[in-house]
Amino acid sequence: MTIHPNLNGELGAADPVRLFSAPVPRYTSYPTAPHFHDGAHGGVDAAAYRGWLGEIGPDTPVSAYVHVPFCDRLCWFCGCHTKQTLRYDPVQRYLQVLHREVELVGEAAGKPLKLSELHLGGGSPSMLRAHDLAALGETLRRHFDFTPDARISVEIDPNDVTADTVEGFKALGMNRASIGVQDFDPRVQETINRIQTFEDTRRVVEMLREAGIASMNIDALYGLPHQSLESLEKTIEQVISLNPDRIALFGYAHVPWMKTHQRMIEETSLPDIDARYAQARLAEQKLRDAGYVAIGIDHFARPEDSLARAADEGRLRRNFQGYTDDPCEVLIGLGASSIGRLPQGYVQNIAATGNYMATVERGELPVAKGIVLSEDDSMRARVIEWLMCEFAFSAARLREAFGAMAETIIEEADARVAADTHGFFRKQCERYVITPEGQPFARTIASWFDAYLGRGKARHSSGV
Ligand SMILES: C[S@@+](CC[C@H](N)C(=O)[O-])C[C@H]1O[C@@H](n2cnc3c(N)ncnc32)[C@H](O)[C@@H]1O
Ligand code: SF4
């Protein structure tokens with residue numbers, strides 16, 4: 001989470017931190033995934049998705065996300081959809097099915113779609129063997145027209161990476177790496193079951209740079225068990241010394257009711273809300289002092305990086321991978337549990353790997369659920385995205401995009417401004433603005449415009 005330097009300590013008072021830290025979604029989509037339904041319950045089924053794919057124009061640039069739900073280790077903090085496997089054959093069988101899914105999507109689209117952005121996430125796609133990475137690239141290239149400047153990124157667990165893996169990355173055409181660090185402190189690492197030395201991480205960063213992969217992101221976490229201001233400060237210094245172009249600084253989301261392995265983490269070892277807040281603030285200050293620009297609530301980038309430029313020019317977007325400068329209106333999800341976004345709505349694949357595989361093997365698109373966006377959904381999604389990306393939205397832009405419907409949001413925003421005794425959300429001319437002091441609480445302020453919040457059984461992580 002990003003905390004603005006202008007705070008200068010005034011917000012040390014615990015009250016707003018507590019008040020604004022109630023659990024809320026991370027808003028990587030709106031409506032959020034717990035509000036997706038299957039076809040029988042008014043949501044999205046394979047037939048509807050097939051129709052949406054067929055409507056994509058041949059010149060529409062699309063993004064693709066490929067999910068690899070396997071890791072060769074299981075970190076206890078992990079909130080991702082993955083499972084540990086010490087053998088490679090389940091991974092190989094999954095990959096065969098993934099190739100088939102790419103074919104099915106290509107057939108439904110009816111033409112090769114223009115691909116400008118590809119992201120492999122997980123899990124740990126870095127555990128794929130070189131020839132499998134190359135083969136996946138070949139299948140994708142058979143069914144999609146990659147633009148010459150396509151951005152191809154992979155999430156990397158440094159513990160996986162060998163010279164062979166790097167060859168596979170090159171064959172895939174990877175030009176961006178996203179490296180998981182989390183924390184370098186040995187005690188923290190032991191408690192989260194993720195041992196990873198700084199030296200090994202540096203070796204991987206150097207290998208990737210030598211292979212010509214210039215763009216690098218590092219993920220770090222605050223709010224982890226036994227993390228202190230001192231240990232976090234050291235980790236952040238070590239991360240900075242690796243000189244990544246981007247850093248994602250996430251607050252640890254403790255959701256043991258969803259991720260039962262998180263029960264391995266003693267709750268008493270977790271920093272409380274005030275400590276999390278102080279950690280986020282310290283890390284942000286260190287990153288700013290090192291020349292990074294804060295992007296949205298939890299990303300940092302070198303000023304010359306394309307993400308920082310996008311933020312500067314009002315082109316920053318938010319999707320399932322977090323902040324992005326990817327302007328595509330179509331995101332195609334591939335692999336178990338992956339989520340796609342098309343102008344008509346969201347669609348999510350079956351999460352259970354076995355069921356996902358069986359469905360694709362029958363020649364069916366493995367759709368589990370989704371949501372058709374109403375006009376109100378699309379408008380609220382845009383408002384929430386503006387608040388998460390720009391900490392503001394303009395009433396004029398909203399009216400321009402949504403006409404008379406915009407008045408609903410404007411009325412809600414006026415009421416929120418009037419009720420906000422902390423002054424975190426203000427009206428400045430025709431703009432509704434989250435003040436620098438309110439920016440750490442952007443998720444909570446965005447949630448004021450979420451028409452679904454409180455409906456259903458979804459539980460979320462802390463808003464700070
Ligand atoms: C798929 S993982 C990263 C790739 C690779 N498997 C690794 O661990 O290095 C994506 C990122 O999600 C973040 N993440 C995972 N679990 C989280 C949680 N419970 N709370 C916050 N961030 C989390 C971590 O920073 C992690 O690097
Ligand atoms: S953090 Fe990465 S390596 Fe660890 S379990 Fe999660 S996805 Fe796998």
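Just a few scattered comments:
- Some residue of segment 117-129 being out of contact with any strand residue (DSSP E or B) (no Cβ under 8 Å at 6 or more places or on another chain), within 12 Å of ligand 1 (Cβ to nearest atom) and more than 23 Å from Gly340 (Cα to Cα): no
- Search result, residues across segment 365-396 that are surrounded by fewer than 16 Cβ atoms within 10 Å (Cβ to Cβ) and of a type in the set (D, E, K, R): Glu375, Asp376
- When the criteria are applied in full, Pro343 meets the requirement of being surrounded by fewer than 17 Cβ atoms within 10 Å (Cβ to Cβ), more than 16 Å from ligand 1 (Cβ to nearest atom) and not assigned by TED's automatic domain parsing to the domain that holds Tyr222.
Conditions tested, residue by residue: (1) at pLDDT below 95; (2) of a type in the set (Lys, Arg); (3) in the same structural domain as Arg318 (by TED's automatic domain parsing); (4) not in a helix (DSSP H, G or I).
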| site | (1), (2), (3), (4) |
| --- | --- |
| Phe402 | no, no, no, no |
| Ile409 | no, no, no, no |
| His422 | yes, no, no, yes |
| Lys427 | no, yes, no, yes |
| Val433 | no, no, no, yes |
| Pro440 | yes, no, no, no |
| Ala446 | no, no, no, no |
| Ala458 | yes, no, no, yes |
| Gly463 | yes, no, no, yes |
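- Number of residues in segment 39-85 that are in a helix (DSSP H, G or I) and among the charged types (D, E, K, R) equals 1.
- Contact annotation: no residue pair with Cβ atoms under 7 Å, 6 or more positions apart or on different chains, pairs a residue in segment 65-81 that is outside the structural domain of Thr260 (by TED's automatic domain parsing) with a partner that is assigned to a strand (DSSP E or B) and within 8 Å of ligand 2 (Cβ to nearest atom).
- Residue in segment 305-312 that is at pLDDT 95 or above, of a type outside the set (Ser, Thr, Tyr) and within 15 Å of the chain's Cα centre (by Cα) present: yes
- Condition check for Phe144: under 30 Å from Pro58 (Cβ atoms) and more than 16 Å from ligand 2 (Cβ to nearest atom): yes
- Arg397 vs. criteria without any contact (Cβ under 8 Å) to a residue 24 or more places away in the chain, closer than 23 Å to Arg26 by Cα and among the basic types (Lys, Arg): no
- Checking each residue in segment 383-424 for being in contact with a strand residue (DSSP E or B) (Cβ under 8 Å, 6 or more places away or on another chain) and under 25 Å from Glu329 (Cα atoms) picks out Val383, Glu385, Trp386, Leu387, Met388, Cys389, Phe391, Ala392, Phe393, Ser394, Ala395.
- Residues satisfying the criterion are absent from segment 166-173 (criterion: touching a Ser or Thr at 6+ places or on another chain (Cβ under 9 Å), under 30 Å from Arg263 (Cβ atoms) and part of a helix (DSSP H, G or I)).
- Taken over segment 173-198, residues that are more than 16 Å from ligand 1 (Cβ to nearest atom) and within 22 Å of Leu98 (Cβ to Cβ) amount to 2.
- Boolean, Ala283 is closer than 19 Å to Arg26 by Cβ and in contact with a strand residue (DSSP E or B) (Cβ under 7 Å, 6 or more places away or on another chain): yes
- A single entry from Ala171, Ala211, Ala220 fulfils the requirement of being under 22 Å from the mean Cα position of the chain (by Cα) and of a type in the set (A, V, I, L, M): Ala220.
- Of all residues in segment 193-212, those satisfying the criterion of being within 16 Å of ligand 2 (Cβ to nearest atom) and surrounded by fewer than 23 Cβ atoms within 10 Å (Cβ to Cβ) are Asn193, Arg194, Ile195, Gln196, Thr197, Asp200, Thr201.
- Members of segment 92-145 found to be part of a loop (DSSP other than H, G, I, E, B), crowded, with 16+ Cβ neighbours inside 10 Å and over 22 Å from the mean Cα position of the chain (by Cα), listed by number: Arg129
The values are calculated or read from the model by the stated rules, or taken from the named source; none is laboratory data. As the structure is a prediction and not an experimental result, all values here were calculated from the model. So basically every Cβ, Gly included, is an ideal-geometry build from the backbone, and we count neighbours across all protein chains shown.
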